[in-house]
Each structure stands twice: as C-alpha cells, then as structure tokens.
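These notes are about the structure you will find just below.
Taken together, the values in this text are just the output of simple stated rules run on the coordinates, not laboratory data. Note that the coordinates shown come from a computational prediction; the quantities given were computed from them, not determined experimentally. Cβ: placed from backbone, ideal geometry, glycine included. Neighbour counts: every protein chain shown.
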Ligand SMILES: C[S@@+](CC[C@H](N)C(=O)[O-])C[C@H]1O[C@@H](n2cnc3c(N)ncnc32)[C@H](O)[C@@H]1O
C-alpha cells in the first residue's frame with residue numbers, strides 16, 4: 001500500500017544498541033498510546049514507516065510535559081505521528097513540521113485534518129535544505145528526524161532559529177552501533193551517513209556553546225542545549 005518504505009526501511013530500529021530484552025521490556029511496559037496515536041503507531045508498524053519507537057514516544061511525552069515548549073520545529077514529518085504526539089503533550093505549542101516526500105505529505109495532511117483538533121501544526125512541504133532559509137526564528141524545541149547525513153548541514157540554520165536555552169533532539173545517531181566502529185568495518189553504502197554523523201559529533205559533543213548528551217533510546221538520540229546567542233560549530 002505505502003510505496004515509500006520497504007520491509008527493510010527500519011533496519012537500525014531492529015538492531016537496538018541496548019540489549020534486546022531491555023528494549024522489549026520498555027516497549028511493553030511503558031504506557032501504550034491511545035486513540036489516534038495508537039491508530040497511527042500501528043499503521044506505521046504495518047506499513048514499515050519509520051516513526052519514533054515506543055521508548056522514544058514515552059521520553060517525548062516526558063520532555064513535552066516538563067519543558068513545555070511554545071514553538072517547535074520538526075524536520076521529518078512522515079505520517080505526522082511525532083508531530084501529533086508533541087501536539088498532544090505540549091498543548092500550548094505551535095508546531096512547524098517539514099517533509100519532502102509527496103506520499104508522506106498526503107498521509108500527514110489527512111491525519112492533521114482529522115486529529116490536530118487545536119490546529120497547532122503547520123506542515124511545510126519541501127526539502128529542508130531549501131525551505132529552512134525562509135523559516136522564521138523563535139523556536140525553543142527542534143526535533144530532527146530526517147536524512148542523517150544532512151544533520152550537520154542543517155544544524156547551523158537550526159541553531160540560528162533556536163532561542164538560547166532551547167533544545168535540539170536528533171534521532172537515530174548510533175547507526176545500530178556502527179558509529180563506534182572504525183569506518184572500514186562499516187558497509188560502503190552506510191559510510192556517507194557515518195561520516196556525516198562523526199562530523200556532527202565533532203562539531204557538538206565538546207562545544208562550550210552547547211550542552212550535549214547522547215541518550216540510548218531507539219537508535220540513539222543526540223540532545224543539544226543552546227547555551228549562548230552565537231554558536232560556532234567545531235571542525
Ligand atoms: C523517520 S521519518 C520521520 C518520522 C516522524 N518524525 C515520526 O516519528 O512520526 C523521516 C522523514 O523525513 C523526511 N525527510 C528526509 N530528508 C528530508 C529533507 N531533507 N527535507 C525534508 N524532509 C526530509 C522523509 O521524507 C521522511 O518522511
């Protein structure tokens with residue numbers, strides 16, 4: 001039914017970096033989604049659409065309710081699941097979400113029309129590489145969940161539009177554990193992503209203008225807090 005994603009789309013989600021039984025425990029015991037979020041989560045599973053895994057869902061509920069962001073930017077909408085999750089748990093937030101895949105945009109539009117009852121979400125259609133430049137500033141929470149090799153390319157534009165004290169969460173940064181291996185042991189087709197992620201780590205992990213943490217949920221989250229108005233990304 002869905003053309004964009006094949007059986008193998010979620011490759012790294014099936015190679016969790018935490019022990020399998022711990023992941024299973026988290027996925028089973030953390031509160032399950034209800035209503036439309038449950039419907040969308042199960043649709044994504046059936047159709048192999050890579051949305052955030054359940055342990056990350058629980059973490060996002062916690063983050064939204066604790067940080068109470070007012071203005072959220074997401075890169076990578078897919079069917080709109082994570083945007084609707086953030087809308088549910090940050091009811092005061094305005095959310096801008098970007099995607100470039102026409103098939104996913106179609107699903108997202110349908111889902112926002114049905115389930116974004118407070119009209120919090122604005123969908124921007126296009127490649128983030130092009131549309132980011134025209135986007136306003138003033139975001140206090142950014143979720144990057146798009147092509148991983150491009151995170152380092154988009155980050156300067158993101159940081160320019162982020163308030164001091166704001167948080168950026170970048171998903172799927174462990175490449176199923178490959179990131180910790182020497183490049184020769186990484187499959188050739190995965191090396192562009194590997195290089196992009198290493199550039200991202202070099203630029204951020206030990207940067208005094210940012211506070212960085214790596215969280216081993218799903219295929220890993222990099223979280224950054226912007227500490228000062230000017231952030232120089234390290235080489
Ligand atoms: C992992 S899915 C997003 C899942 C969604 N955040 C969720 O958890 O419900 C990644 C999405 O990013 C989009 N994407 C990838 N690179 C992009 C880019 N450069 N600009 C815009 N969208 C992009 C893809 O089309 C895809 O729909």
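Table: residues versus (1) surrounded by 20 or more Cβ atoms within 10 Å (Cβ to Cβ); (2) part of a helix (DSSP H, G or I); (3) in contact with a strand residue (DSSP E or B) (Cβ under 9 Å, 6 or more places away or on another chain).
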| residue | (1), (2), (3) |
| --- | --- |
| 2 | no, no, no |
| 8 | no, no, no |
| 21 | no, yes, no |
| 26 | no, yes, no |
| 38 | no, yes, no |
| 49 | yes, no, no |
| 56 | yes, yes, yes |
| 61 | no, yes, no |
| 64 | yes, yes, yes |
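Got at least one residue in region 204-223 being out of contact with any strand residue (DSSP E or B) (no Cβ under 6 Å at 6 or more places or on another chain), in a helix (DSSP H, G or I) and surrounded by 15 or more Cβ atoms within 10 Å (Cβ to Cβ)? Scanning region 204-223 turns up no residue that is out of contact with any strand residue (DSSP E or B) (no Cβ under 6 Å at 6 or more places or on another chain), in a helix (DSSP H, G or I) and surrounded by 15 or more Cβ atoms within 10 Å (Cβ to Cβ).
Residues that are in a helix (DSSP H, G or I), out of contact with any strand residue (DSSP E or B) (no Cβ under 9 Å at 6 or more places or on another chain) and more than 10 Å from the ligand (Cβ to nearest atom) were ranked within region 82-110; the one that is nearest to residue 37 (Cα to Cα) is 88.
Of everything listed in (1) farther than 22 Å from residue 166 by Cα; (2) touching a helix residue (DSSP H, G or I) at 6+ places or on another chain (Cβ under 9 Å); (3) without any contact (Cβ under 8 Å) to a residue 60 or more places away in the chain; (4) in a helix (DSSP H, G or I), the single unmet condition for residue 79 is (4). Counting the residues of region 150-190 that are out of contact with any strand residue (DSSP E or B) (no Cβ under 8 Å at 6 or more places or on another chain), under 21 Å from residue 56 (Cα atoms) and assigned to a helix (DSSP H, G or I) gives 5.
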